[in-house]
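Asker: Here it is, the structure in full.
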Amino acid sequence: MEMPLTQHISFNRPPLNLNDYAHVGGYQGVHRAIKAMTPQEVMTVVQESDLKGRGGAGFNTGTKWSFVPMNDAKQTKYLIANADEMEPGAFKDRLLLEGNPHQLIEGMIVSAYAIQANTAYIFLRWAYKKAARLLRQAIDEAYAAGYLGNNILSSGFNLEMHLHTGVGRYICGEETALLNALEGKRATPRTKPPFPQVSGLFGKPTIVNNVETLSNIPHIINKGADWFKDLSPGADAGTKLYGISGKVNKPGIWELPMHTTIRQLIEEHAGGMKDGFKFRGVLPGGASTDFLIEEHLDVKMDYKSVAAAGSRLGTGTMIILDDHTCPVGFVHNLEHFFAQESCGWCTPCREGLPWTEKILLSIENGQGRMEDLELLEMHTKYMGPGSTFCALAPGAMEPLQSSLKYFKADFEKHINEKKCPWR
């Protein structure tokens, strides 16, 4: 089984420096793209590989690039790596950033060449101090080797790369809020259209891609679109970094083919549930996805299969709910996070999330009423897709609406017994 993203990552040593990375084939993607391919050819290969965005949206990466206007070669364009990984339960990008920073930088150089961007930013989560240090070292090495700066590989292509650390706001993971933050403005989402591919950072065409997405690019350029599609036995191409947190024997992260089932991840890779704990449910793609339950254990972890089961692949980093954990308290904890992280720009999110958080807290503390369940149901509709300015509140409603669907008896027990049965 090939694991292109993690093949050169080891927890027993520091990440490869530029020379060692080049020794194992690193930066060959840059050589191949810049010396032997036109930007359009690079874009076409990525589009044909069917690499879907690994940040959660699942949109074809090459198609996203194709929306950048290419008719003016002198127009300023930007490429941004979204490394502001703040989704609760997600730590897949951290593995790539700390384990092989040159892989990301190489992917960014090739991607910038495809859209003819001359400036690139890595927007990094503030708490990733180790990743920041390693990225600075890797960027310096890339400049010294001539992979960044002016006239890269004597091609006439120029690229400046900057590391920008955020200040710890979840909303910056939304690409247009990220753009505002980079411009030094309040991190609120922008109205779309215009989309960033046409009018993004400082009003210029901009592509924002996730770290895992960009790290796939060198391998696709080196080995081709068909190789990438063949990595997966299913409809979605490539491998995926899957993670698990919760009461399992071996919580962690693994690179596996798309199409791996939830059961395989929990039982084969995470070693099953800990002794004395039973599986009750899972948020398959991080905190802002719907619960799936035991009947869904054989669902394949790809975009279409998880959606058909009623949730989203999201980041692919699963959070397990066990039978020793109160589902009301579990969801209250998530809604508390989302209420704190609302940017306050639109009314449903600013007012609705704190309201739901307070209702859940009152139920958890034994002060809830049966009519509160109707109020919570109402909020899942009023803060659903299309009712808010961005996807923060709809994402926050996913674990709530699915917990009311699968664990409603637990909510009712809190109300009837006027206490949390788990305390």
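Asker: How do ASP298, ASP50 stack up against each other in accessible area, from largest to smallest, with a 1.4 angstrom probe?
Answerer: If we order ASP298, ASP50 from most to least accessible, we get ASP298, ASP50.
Asker: Let me cross-check LYS223: its accessible surface, 1.4 Å probe, with only protein heavy atoms counted, in Å² to the nearest 10?
Answerer: 110
Asker: Further question: What is the sum of charges around LYS52, taking Lys and Arg as +1, Asp and Glu as -1, for the other residues whose C-beta is under 14 Å from the C-beta of LYS52?
Answerer: Computed value for this residue: +1.
Asker: Charges only on Cβ, +1 for Lys and Arg, -1 for Asp and Glu: so what's the dipole of the chain about the Cα centre, in debye to the nearest 20?
Answerer: Around 720 debye, computed over the chain.
Asker: I would also like to ask the following. Accessible surface of HIS8 in the full protein assembly, 1.4 angstrom probe, to the nearest 10 Å²?
Answerer: Around 40 Å² of this residue is reachable by solvent.
Asker: Excluding residues on the same chain fewer than 8 positions from LYS381, give the lysines whose Cα lies under 16 Å from its Cα.
Answerer: LYS405
Asker: Heavy atoms only, probe 1.4 angstrom, no DNA, RNA or ligands counted: give me HIS31, HIS102 ranked by accessible area, highest first.
Answerer: Greatest to least solvent exposure: HIS31, HIS102.
Asker: Just subtract the alpha-carbon distance of SER154 and ARG369 from 0.36 nm times their residue separation and send over the number in nm, one decimal.
Answerer: That pair, SER154 and ARG369, stretches by 70.3 nm at full extension.
Asker: Let me ask something else about it. What size of dipole, in debye to the nearest 20, comes out for the range 306-383 about its Cα centre when the only charges are +1 on Lys and Arg C-beta atoms and -1 on Asp and Glu C-beta atoms?
Answerer: I would put it at about 260 debye.
Asker: Can you tell me the FRET efficiency between GLU41 and LYS274 if r is taken as the Cβ-Cβ distance and R0 is 60 Å, rounded to the nearest 0.05?
Answerer: Here the calculated transfer efficiency is 0.75.
Asker: Pull up the cross-link candidates among the lysines for LYS204, meaning alpha carbon to alpha carbon under 23 Å and not fewer than 8 places away within one chain.
Answerer: Output for LYS204: LYS64, LYS74, LYS77, LYS185, LYS192.
Asker: Between TRP126 and LYS358, what is 0.36 nm times their sequence separation minus the Cα-Cα distance? Round to one decimal in nm.
Answerer: 80.6 nm
Asker: Determine the calculated [θ] at 222 nm for the chain from helices alone, applying -39500 (n - 2.57) to every DSSP H run no shorter than 4 residues and normalising by the residue count; nearest 500 deg cm²/dmol.
Answerer: Calculated mean residue ellipticity at 222 nm is -12500 deg cm²/dmol.
Asker: Most mobile of VAL46, VAL328, VAL24 per a Gaussian network model of the chain (Cα springs, under 10 Å)?
Answerer: Most flexible of the set in this elastic network: VAL24.
Asker: For mean projected area of the Cα convex hull in nm², several values are listed as [x] 23.1; [y] 19.8; [z] 21.3; flag the one computed from this structure.
Answerer: Entry [y].
Asker: Take the Cα of PHE67, step 7 Å along the line toward its Cβ, and report every residue of the range 212-246 whose backbone nitrogen sits under 13 Å from that point.
Answerer: Zone members listed by number: none at all.
Asker: Roughly speaking, what is the centre-to-centre gap between the range 234-265 and the range 302-354 when only Cα atoms are used, to the nearest Å?
Answerer: Between the Cα centre of the range 234-265 and that of the range 302-354, the gap is 19 Å.
Asker: Rank CYS326, SER311, LEU159 by how far each Cα sits towards the positive end of the charge dipole of the chain (+1 on Lys, Arg Cβ; -1 on Asp, Glu Cβ) and give me just the farthest.
Answerer: Farthest towards the positive pole: LEU159.
Asker: Find out how many positive minus negative residues lie around GLU295, taking Lys and Arg as positive, Asp and Glu as negative, among other residues whose Cβ is under 15 Å from that of GLU295.
Answerer: +2
Asker: First check a/c for the range 307-370, with a ≥ b ≥ c the square roots of the eigenvalues of its C-alpha gyration tensor; if it is under 1.5, answer rounded, and if not, answer prolate when a/b is larger than b/c or oblate otherwise.
Answerer: oblate
Asker: With every protein chain left in place, what is the accessible area per residue of the chain in square angstrom, probe 1.4 Å?
Answerer: Per residue, the chain has 41 Å² of solvent-accessible surface.
Asker: Provide, for the range 232-345, the number of lysine pairs with alpha carbons under 20 Å apart, each pair being eight or more places apart or on different chains.
Answerer: Step by step, the pairs that qualify in the range 232-345 add up to 7.
Asker: Roughly to the nearest percent, how much of the accessible area of the chain is carbon and sulfur, given a 1.4 Å probe?
Answerer: 50
Asker: Could you please put ARG190, ARG94 in sequence from largest to smallest accessible area, using a 1.4 Å probe?
Answerer: ARG94, ARG190
Asker: Express in nm, to one decimal, how much length is gained between THR347 and LYS223 on full extension, taking 0.36 nm for each residue of separation and deducting their alpha carbon distance.
Answerer: That works out to 39.8 nm of additional length.
Asker: So what does LYS129 come to for accessible area, using a 1.4 Å probe and Å² rounded to 10?
Answerer: Counting only protein heavy atoms, the figure is 130 Å².
The values are calculated or read from the model by the stated rules, or taken from the named source; none is laboratory data. This structure is a prediction, so every number in the text was calculated from the model and none was measured. No Cβ is skipped: glycine too gets one built from the backbone with ideal geometry, and neighbour counts run over all protein chains shown. We work out accessible area using only protein heavy atoms, side chains counted, and drop any ligands, DNA or RNA first. Shrake-Rupley method; radii C 1.70, N 1.55, O 1.52, S 1.80 Å.
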